[in-house]
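Everything on this sheet refers to the single structure shown next.
Since every read-out is calculated from the coordinates, none of them should be taken as a lab result. Values in this document were obtained by computation on a predicted structure and should not be read as measured data. Positions of Cβ are generated from backbone atoms using ideal geometry, with glycine treated the same way; all protein chains shown enter the neighbour counts.
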Amino acid sequence: MTVTMFSQELTTKAATVIERCRALGFQLATAESCTGGLIAGCLTEIAGSSDVIDRGFVTYSNQAKMDMLNVPADMIAHNGAVSEQVARAMAEGALKQAGTELAVAVTGVAGPGGGSDEKPVGLVHIACARSGQLTMHLRCSFGDQGRSKIRELTVLSAFELIDQQLETPALA
């Protein structure tokens, strides 16, 4: 019996992402805040993923987002770290820094604290950048289901957004 840290649903989705990237000859980078590396961890749970996964950036602090992904300080100050703008900038920064064809980024409020009326616990922004394509964004309102559940749902949603990005026809 094989023991895994992740649910069957997550590892199945991760395997699909790996297979699709491999078929396209794409390498993938991750930029993670609220998930703290879980997306990269789940992807690398798949045997043979090393030909697809290039690197993961865990940018939990605002300073890390600025230093590692070149997210502008004024963007964070104006929109907050948990925003569509920052998620997009994280994904695009990871794409550029890694030199991969694909990058996914997540930023959100996993709780139990840290939420506000404007940005409640369970709010997560996910972005997926692909070279030569428009960056996709997904706003998720998971509600206050507990930190672990929010993070699990974020990983699953990130895989779904990657799938969407991979289904998008190449721009002419």
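Considering only DSSP beta bridges with both partners in the chain, what is the antiparallel share in %, to the nearest 5? Taking every DSSP beta bridge within the chain, about 55 percent pair in antiparallel fashion.
If you take all other residues with their beta carbon under 11 Å from the beta carbon of ALA129, and give Lys and Arg +1 and Asp and Glu -1, the sum is +1.
The string of couplings for the stretch 17-28 from the Karplus curve (6.51, -1.76, 1.60, θ = phi - 60°) is 4, 4, 4, 5, 5, 4, 4, 8, x, 9, 9, 10 Hz, one whole number per residue in order, with x for Gly and Pro. Count the net charge of all other residues whose Cβ sits under 15 Å from the Cβ of ALA23, scoring Lys and Arg as +1 and Asp and Glu as -1. Once positives and negatives cancel, what remains is -2. Summary value for the stretch 8-167: 22 percent relative contact order, contacts being C-alpha pairs under 8 angstrom separated by 6+ residues. The 3J(HN,Hα) values that the Karplus relation (6.51, -1.76, 1.60; θ = phi - 60°) gives for the stretch 116-127 are, in residue order, 9, 4, 6, 10, x, 4, x, 7, 9, 10, 10, 9 Hz. Gly and Pro appear as x. Summing Lys and Arg as +1 and Asp and Glu as -1 over all other residues whose Cβ lies under 15 Å from the Cβ of GLN85 gives a net charge of 0. Across the stretch 55-70, computed HN-Hα scalar couplings (Karplus, 6.51 cos²θ - 1.76 cosθ + 1.60, θ = phi - 60°) run 6, x, 9, 9, 10, 6, 8, 4, 4, 5, 4, 6, 5, 8, 10, 6 Hz from first to last residue, x flagging Gly and Pro.
Starting from the Cα-Cα distance between ALA47 and THR16, subtract it from 0.36 nm times their residue separation and give me the gain in nm to one decimal. Separation in residues times 0.36 nm, less the Cα-Cα distance, equals 9.9 nm. Near the amide H of GLY56, within less than 5 Å, lie the amide hydrogens of THR30, all on another chain or at least 5 residues away, with H placed in the peptide plane.
Peptide packing for 124-130, 24-30 was compared via the average number of neighbouring C-beta atoms within 10 Å per residue; ordered from the highest value, the list is 124-130, 24-30.
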